[in-house]
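*Asks:* One structure follows; several queries about it will come next.
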């Protein structure tokens, strides 16, 4: 056989196959699948819940005929990429996970669609009463909904049952007890530390400091709603926050969420405050050295401060420039429905519904759901100001609080500089 | 006849010139233009307000910009001098031809082939004071690393400079090697006849003859040093505090985090002037050398 023929036969076969594929009937809309054939793109934070997206999206595609392409990104990249998409009106993403703290900014700039019309139209099937009241803060701004609740996180205290029992220490119920326990449980010579914290420059340290501000009854806004980070109260809280770092691993001033999690799961840490979504992972022997040794309790507040618990997490929004808003809303309705929410949680998603948090089967698998329910009921979704200027506050605190932790600035200097930086960057 | 030919050449060059104008000159002019405006992309109306030189004045008075400029100059001075010295040393060591040296030379080029972001992430893991292998051994040698090379204010800048040196010294080595290979043999023969030893030959012949190579490398690495971003993005994010915030990183924060395009453009123009001045200085030196 000549060389030409050897080449021609496979080429002809390929062409025939392509033609055959092209002759296949396209996915067409039908009364049962009105949006079949629509293609959606979803930008998602690469948190644990992304595993649930990966599991559920094929099921959604099968049921509706809508194709969903998932684009997973880290926190900083997601924010930057989405903002670029919004301001350039490119409509690259139809759907996006929206951090609770971005709500104000998205609403003010109308980056996402207000969902209220959709919600009113489909209220009969949405079972909105079942959604925990605090979860609405995942997308509500001034009476309208710019993202729909997707994954609710509570700030909880994780602790090593075995370590605390051995030291005869009860799980700390106040911030003062937490500091004392962290001190007592730190044995740096054995590479064992009382607490793991977020100290890395950027959103990590800023968000952890904000948790402590909330737990000590402080606020980043004054009574008129103006940004006021350098109050005497906040300076005192920052000093307390800095004290805790004396009982954290030496590298904690460079910890992002993943490194803090790794430190806790490695078994070298006695206590860690963090988002509840990570809890299930501690029981996975593939990634955890502390299987069966850890428990959660409500995050301790300072003595005399009314108990409120930091609430955060993610909503899901529709890009205001999306050409597929109806299909995108179908996806939101489906993924947040009570039936799918159970599967969502079983595949590393985080709950938003009372029915999920109280489901007998789920509670048997995740016994900490009872604590979580309590934390949600007393949850505070506004402890990080969900105002349009949030990213400016976060950037300033992210730089200056880190500078305080590494000894470049005093607590007062750090917050004074943060306040100055915020003022300079405000629109 | 000659004129017609020139006209033809010009005609043939026109598409390319237009492309350069479009891709290089227009963005520069656009950046210059918006630097005189308060232009925030996240403003829903995206209105541009003329503010004159306010963005430049703000930059000149900003303590963060002062810190960023100092950090940039330290970074450039430190990395360029180390890379040139080490590159020359390695080139002299590897300026022979045998199988082993050829193999070593090809392996040494590998760091350059890696994206700076990947290099940054690898070194971040190596430097991690709690889990990193490098710090594990250093601690066993009795060194007190405190919060780690990237966590201590006084260590962070040298630590990121070391990453740059690790990645880009091979480039200096390669260019020096090319320079060494092209040196004329006659002056060395004459020097040997006059009784010059190896050190004298190196000091009085090799170094002066390599001057054009030095200058080209200085120009290249200085310009690249001023533009460092990926390594810092992947390792320190400009921290701890502002210890590794260089001008380019600050521009990124203003432009891509706050989307303040006017102010970011003003900062970028300042960086452009800084780099441009140094580049012109080097080019003048290079031209003098040629003459």
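*Asks:* Out of all the residues in segment A:113-129, which are in contact (Cβ under 8 Å) with a residue 40 or more places away in the chain, assigned to a helix (DSSP H, G or I) and either within 14 Å of another protein chain (Cβ to nearest Cβ) or surrounded by 14 or more Cβ atoms within 10 Å (Cβ to Cβ) (or both)?
*Replies:* Those that are in contact (Cβ under 8 Å) with a residue 40 or more places away in the chain, assigned to a helix (DSSP H, G or I) and either within 14 Å of another protein chain (Cβ to nearest Cβ) or surrounded by 14 or more Cβ atoms within 10 Å (Cβ to Cβ) (or both): A:118, A:126.
*Asks:* Separate question: Among the residues of segment A:374-420, how many are under 26 Å from residue A:141 (Cα atoms) and facing chain B (nearest Cβ under 8 Å)?
*Replies:* 3
*Asks:* Moving on to the next point. Might you let me know whether segment B:37-50 holds any residue that is more than 12 Å from chain A (Cβ to nearest Cβ) and loosely packed, with under 13 Cβ neighbours inside 10 Å? Give the derivation first.
*Replies:* Going through segment B:37-50, the residues more than 12 Å from chain A (Cβ to nearest Cβ) turn out to be B:37, B:48, B:50.
Next, from what is left, pick out any that are loosely packed, with under 13 Cβ neighbours inside 10 Å: B:50.
Scanning segment B:37-50 turns up at least one residue that is more than 12 Å from chain A (Cβ to nearest Cβ) and loosely packed, with under 13 Cβ neighbours inside 10 Å.
*Asks:* Follow-up question, since we're still on this one. Residues to consider are B:80, B:69; find the one that is modelled with pLDDT of 95 or more, under 30 Å from residue B:39 (Cβ atoms) and crowded, with 16+ Cβ neighbours inside 10 Å.
*Replies:* Working: B:80 fails: under 30 Å from residue B:39 (Cβ atoms).
Of B:80, B:69, the one residue that is modelled with pLDDT of 95 or more, under 30 Å from residue B:39 (Cβ atoms) and crowded, with 16+ Cβ neighbours inside 10 Å is B:69.
*Asks:* Which one of the conditions (1) in a helix (DSSP H, G or I); (2) under 15 Å from residue B:170 (Cβ atoms) does residue B:78 fail to meet, given that it meets all the rest?
*Replies:* It fails just one condition, (2).
*Asks:* Further question on the same structure: Please work out which residue is surrounded by the most Cβ atoms within 10 Å (Cβ to Cβ), limiting yourself to segment B:206-243 and to residues that are more than 14 Å from chain A (Cβ to nearest Cβ) and assigned to a loop (DSSP other than H, G, I, E, B). Reasoning before the result, please.
*Replies:* Here is the first cut: in segment B:206-243, the ones more than 14 Å from chain A (Cβ to nearest Cβ) are B:206-228, B:231.
Now drop any that are not assigned to a loop (DSSP other than H, G, I, E, B), which leaves B:210, B:227-228.
Working: B:210: 20, B:227: 15, B:228: 23.
Per the stated criteria, the residue is B:228.
*Asks:* Still on this model: Determine, yes or no, whether residue A:265 is within 20 Å of residue A:215 (Cα to Cα) and within 14 Å of another protein chain (Cβ to nearest Cβ). Before the answer, list the steps.
*Replies:* Working: within 20 Å of residue A:215 (Cα to Cα): no; within 14 Å of another protein chain (Cβ to nearest Cβ): yes.
Taking the combined requirement at face value, the residue does not satisfy it.
*Asks:* How about segment A:209-327: which strands (runs of 3 or more DSSP E) wholly inside it have at least 1 residues that are in contact (Cβ under 8 Å) with a residue 40 or more places away in the chain and closer than 23 Å to residue B:125 by Cβ? It would help to see each step written out before you state the result.
*Replies:* Numbers: elements: A:269-275, A:294-298, A:309-318.
Ranges flagged: A:269-275.
*Asks:* So is residue B:129 in contact (Cβ under 8 Å) with a residue 12 or more places away in the chain, within 12 Å of chain A (Cβ to nearest Cβ) and more than 25 Å from the chain's Cα centre (by Cα) or not?
*Replies:* yes
*Asks:* Quick check on my filter: what residues within segment A:88-112 are over 12 Å from residue A:146 (Cα atoms) and within 12 Å of chain B (Cβ to nearest Cβ)?
*Replies:* The answer is A:88, A:89.
*Asks:* Looking only at segment B:253-269, which residues are at pLDDT 95 or above and more than 16 Å from residue B:51 (Cβ to Cβ)?
*Replies:* B:268
*Asks:* Hey, another quick one. With respect to residue B:98, is the statement that it is more than 22 Å from the chain's Cα centre (by Cα) and more than 10 Å from chain A (Cβ to nearest Cβ) true? Please lay out each step first, then the result.
*Replies:* Working: more than 22 Å from the chain's Cα centre (by Cα): yes; more than 10 Å from chain A (Cβ to nearest Cβ): yes.
Spelling it out, residue B:98 is indeed more than 22 Å from the chain's Cα centre (by Cα) and more than 10 Å from chain A (Cβ to nearest Cβ).
*Asks:* Got a sec? Which of A:170, A:182 is more than 22 Å from residue A:98 (Cα to Cα), over 23 Å from the mean Cα position of the chain (by Cα) and part of a helix (DSSP H, G or I)?
*Replies:* Numbers: A:170 fails: part of a helix (DSSP H, G or I).
Answer to the selection: A:182.
*Asks:* What's the number of the condition residue A:345 fails, among (1) in the same structural domain as residue A:94 (by TED's automatic domain parsing); (2) touching a helix residue (DSSP H, G or I) at 6+ places or on another chain (Cβ under 7 Å); (3) more than 20 Å from residue A:60 (Cα to Cα)?
*Replies:* Here residue A:345 meets the rest and fails (3).
*Asks:* I need the full set of residues from segment A:183-195 which are at the interface with chain B (Cβ under 10 Å from one of its Cβ atoms) and at pLDDT 95 or above, in order please.
*Replies:* Start the filter on segment A:183-195 by keeping residues that are at the interface with chain B (Cβ under 10 Å from one of its Cβ atoms), which leaves A:191, A:193.
Hit for segment A:183-195 is A:193, nothing else.
The values are calculated or read from the model by the stated rules, or taken from the named source; none is laboratory data. Note that the structure is a prediction, hence the values are computed from the model and not measured. A quick note on method: Cβ atoms are made from the backbone with ideal geometry, for glycine too, and the neighbour counts reach across all protein chains shown.
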